[in-house]
Amino acid sequence: MSGIGPVEPGEGTRAQDASPPPRPRREALARLYGRHRGAALATLLAVAVLAGGGHLYATRPRPAPPPTPPHPTQVTLIRYLKPQANSRGTASRSFAFDVEMIVESDLPVTVTRISQPYAGLSVVSSPRTPFRTKAGSPRKITITMQVAECGKVPRNVGLPFLDVTLRNTRAIQAHSFILGPRYARDLSRGLEVACSNDFG
C-alpha cells in the first residue's frame with residue numbers, strides 16, 4: 001500500500017446534495033386549503049366582485065352639472081304701456097303710468113326696488129315692492145310718481161329711465177331701464193301738469 005489516500009474532490013467539484021425533504025409547513029397549508037377550499041373561493045369571488053363594482057362606480061359617467069342660472073338683468077324686460085288717467089282721489093301733484101315686466105327664464109325674478117333719478121320725484125309701485133314675477137308670465141306694474149319739489153325736476157326730460165333692483169337665485173342687480181320716447185313724452189307732460197304754476 002502506498003501512502004496515498006482517497007482522492008479528495010477539487011474546488012467547485014463537490015456533488016450537490018439531494019433536494020431537501022418536503023417541509024411540513026407546506027403540507028399543513030395544503031391540508032388547510034383542502035379543508036376550507038369552498039370558503040376561500042367564495043371569499044376570493046366576493047373580493048373580486050367588490051373590486052370590480054368599486055372600479056365601475058369610480059369610473060361611471062357623471063352627469064353634467066346644471067347650467068349656471070343667468071343674471072336677473074339678462075332675462076328681464078320692462079316696456080312702457082300707457083299713462084293712466086288721473087282719478088278724483090289722486091293728489092294734484094301725482095300721475096301714474098303702466099309698464100309691463102317680462103321674465104325670459106325658467107327662474108322667477110323678484111323686484112326689490114323701483115326708483116327714478118330725479119330728486120324732486122318719489123315713486124310708488126303697484127304691486128308694492130318686493131314682488132315676484134314668474135317666468136313667461138307678463139306682469140303689469142303701475143308706477144305712481146309724486147312731485148315733491150318742482151324746482152328739482154326737469155322741465156323737459158330727454159331720455160328718462162327707471163332704476164329697478166332685481167333678484168334671482170344667482171344675484172341681486174340694479175339696472176336702469178330706458179322706456180323710450182313715448183314714456184319721455186308722457187313723463188314730461190305729467191311733470192308739466194303737476195308743476196304748471198311753478199314752470200310758468
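The values are calculated or read from the model by the stated rules, or taken from the named source; none is laboratory data. Here the structure is a predicted model, which means the values were calculated and not measured. FYI the Cβ positions are ideal-geometry reconstructions off the backbone, even for glycines, and counts take in every protein chain you see. Keep in mind that these areas ignore ligands, DNA and RNA; they rest on the heavy atoms of the full protein, side chains included. Shrake-Rupley method; radii C 1.70, N 1.55, O 1.52, S 1.80 Å.
Here are some residues: PRO108, PRO127. Which one is open to solvent by less than 60 Å² (accessible area, probe 1.4 Å) and free of Cβ contacts under 8 Å to residues at least 24 places away in the same chain?
The conditions single out PRO127.
Of all strands (runs of 3 or more DSSP E) completely enclosed by the stretch 93-200, which ones contain at least 3 residues that are among the hydrophobic types (A, V, I, L, M, F, W, C)?
Strands (runs of 3 or more DSSP E) meeting the threshold: 94-103, 109-115, 121-126, 139-147, 161-167, 172-178.
Quick check, is ALA85 open to solvent by 60 Å² or more (accessible area, probe 1.4 Å), among the hydrophobic types (A, V, I, L, M, F, W, C) and free of Cβ contacts under 8 Å to residues at least 12 places away in the same chain?
When the stated conditions are applied, ALA85 passes them.
I'm told ARG35 meets every condition in (1) at pLDDT below 80; (2) under 30 Å from VAL99 (Cβ atoms) except one. Can you identify the failing condition by its number?
Single failed check for ARG35: (2).
Which is among the β-branched types (Val, Ile, Thr), in contact with a Phe, Trp or Tyr (Cβ under 9 Å, 6 or more places away or on another chain) and farther than 29 Å from PRO70 by Cβ, of VAL99, VAL111, VAL157, VAL164?
VAL157
Restricting attention to the stretch 48-85, which residues are part of a helix (DSSP H, G or I) and touching a Lys or Arg at 6+ places or on another chain (Cβ under 7 Å)?
PRO72
Being assigned by TED's automatic domain parsing to the domain that holds ILE172, exposed (fewer than 13 other Cβ atoms within 10 Å of the Cβ), farther than 18 Å from ILE178 by Cβ and modelled with pLDDT of 80 or more narrows it down to one residue among ALA119, ALA64; which is it?
Sole residue among the options that is assigned by TED's automatic domain parsing to the domain that holds ILE172, exposed (fewer than 13 other Cβ atoms within 10 Å of the Cβ), farther than 18 Å from ILE178 by Cβ and modelled with pLDDT of 80 or more: ALA119.
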